[in-house]
Every structure is written in C-alpha cells, then in structure tokens.
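Okay, so here's the structure we're looking at.
The values are calculated or read from the model by the stated rules, or taken from the named source; none is laboratory data. Everything numeric here is computed off the predicted structure, so don't read it as measured data. Neighbour counts run over all protein chains shown; Cβ positions are idealised from the backbone, glycine included.
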Amino acid sequence: MKPTRYSIIKNTKVARNSRIYDQVNLYGCKIGKNTKVDAFVYIEEKVTIGDNCKIRPFVFIPTGVVIEDNVFIGPNVTFTNDKHPRSHGDWTLLNTRVRKFASIGAGSTINPGVEIGENALVGSGSVVTKNIPANAIVVGVPARVVGYRDPPAEMDDTQVQKRSGRRR
Ligand SMILES: CC(C)(COP(=O)(O)OP(=O)(O)OC[C@H]1O[C@@H](n2cnc3c(N)ncnc32)[C@H](O)[C@@H]1OP(=O)(O)O)[C@@H](O)C(=O)NCCC(=O)NCCS
C-alpha cells in the first residue's frame, strides 16, 4: 500500500495486492486481497471486505456491513446500519451482508439489516429494503426483482486480477 497524503487510515488491515487510493477514511476495518478502494471512500470499524472486490468512489460503508469476495460496489453507494436514527441516545445496530459476486449499481442505498444474495445485481439508484435472493436483478425504490442473471464462471485469482485491471 502506497503512503497516502490526504487519507486517514487507522487500525486497518489490508491484504496483499490491494490498492487503496488517496482521500479515503478507513478505520478499524479489514480489506482482503486484490481489492480496489477508490478515492473518497469511507469505511467504519469492524467492516470486512473480501478479496477481489471493487469499491468505486464516494461509497459509505458503516459498522455492521460485511462484503464477501468478488463484489462490485458502484460509485455513491450508501450502506446504513440504524433503521430509526436519532442524533443522540441509544440505537440498534442492524447487520448487512453482501454475498459473493454481487454487484451494486451507482447511487443505490442499502437499508440496514438486509442480505444481498450471491451474484445479485442491484440497478443504479435503487433503495434496497429487503433481502435480495441469489442471482436476482432488482431495480427501483423500493427495489423489486425484475429478472435473474446467470451465475459467474468461477474465476481463479489470476483471471480475476486480469479482469479487474491492475491499472486504470
Ligand atoms: C438494472 C440494469 C442491469 C438493467 O439493464 P438491462 O437489463 O440492460 O435493462 P434495460 O436498460 O434494457 O432496461 C429495462 C427496463 O428497466 C428500466 N431500468 C433500467 N435500469 C433501471 C434502474 N436502475 N432503475 C429503474 N429502472 C431501470 C428501463 O428504463 C427499462 O424500462 P422499460 O422496459 O419500461 O423501458 C441496468 O440498467 C443498471 O442499472 N445497471 C447498473 C449500472 C451501474 O450502476 N453501473 C455501475 C458502474 S459505473
């Protein structure tokens, strides 16, 4: 990992071959190998992100979120962890999980406490309020299933690295 000028990166574990771009704020989280985290991404403590993921710019990932391997998170995606937020007092953390090979389209919001199924595709601008089944394509506010996509051919590390592009 290259030293960054304008980032805050504290107590974060980043596995080999991952690229963290500048102007990120990462603390207390864990990032797997071959994963790319673009600029202006904010990741809170206890979040885990798997291998071979791509996190595009301006993504917010709070405590309670687990992202498995080979997941794509589009630009401006917002995860949440408190269903009834207030500025002060107690609150209840709801956990969210994104299963492997899922893709989340640009500008989507993921309400807390949901599971996005393996290889599911969330269309751009969706608001996910419920669990999404494996392979489902969902769009809209609230997000509804509009179709299904084929499961991916399993890719080994080398293929994934080639496909995700070592440079941009
Ligand atoms: C959901 C998605 C996969 C559908 O793609 P597609 O299967 O090629 O479907 P089409 O573009 O032909 O659209 C089919 C219908 O769904 C609608 N639609 C497409 N995307 C939509 C979305 N995100 N939200 C709501 N409706 C959508 C279209 O308007 C069209 O409606 P119609 O049948 O009434 O004309 C795609 O539009 C999408 O949102 N992809 C994510 C893009 C993204 O965020 N990429 C991030 C990398 S930068």
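Assorted remarks:
- Residue match in the stretch 72-84 (condition: within 16 Å of the ligand (Cβ to nearest atom), hydroxyl-bearing (Ser, Thr, Tyr) and over 20 Å from VAL24 (Cα atoms)): no
- Selected residue (criterion: surrounded by the fewest Cβ atoms within 10 Å (Cβ to Cβ)) from residues of the stretch 130-159 that are polar (S, T, N, Q) and out of contact with any strand residue (DSSP E or B) (no Cβ under 9 Å at 6 or more places or on another chain): THR158
- Test: residue in the stretch 137-154 that is hydroxyl-bearing (Ser, Thr, Tyr), without any contact (Cβ under 8 Å) to a residue 40 or more places away in the chain and within 20 Å of LYS46 (Cβ to Cβ): no
- Residue match in the stretch 48-55 (condition: under 10 Å from the mean Cα position of the chain (by Cα), modelled with pLDDT of 95 or more, in a loop (DSSP other than H, G, I, E, B) and within 20 Å of VAL114 (Cβ to Cβ)): yes
- Those residues of the stretch 1-37 which are in a loop (DSSP other than H, G, I, E, B), within 18 Å of VAL65 (Cα to Cα), touching a Phe, Trp or Tyr at 6+ places or on another chain (Cβ under 9 Å) and not β-branched (Val, Ile, Thr), in sequence order: ASN11
- Subset of the stretch 87-135 [in contact with a Ser or Thr (Cβ under 6 Å, 6 or more places away or on another chain), touching a residue at least 24 places away in the same chain (Cβ under 8 Å) and either of a type outside the set (A, V, I, L, M, F, W, C) or more than 15 Å from the ligand (Cβ to nearest atom) (or both)]: GLY105, GLY107, SER108, THR109, ASN111, PRO112
- Evaluation of VAL127 against the conditions (1) over 29 Å from PRO85 (Cα atoms); (2) modelled with pLDDT of 95 or more shows that the sole unmet condition is (1).
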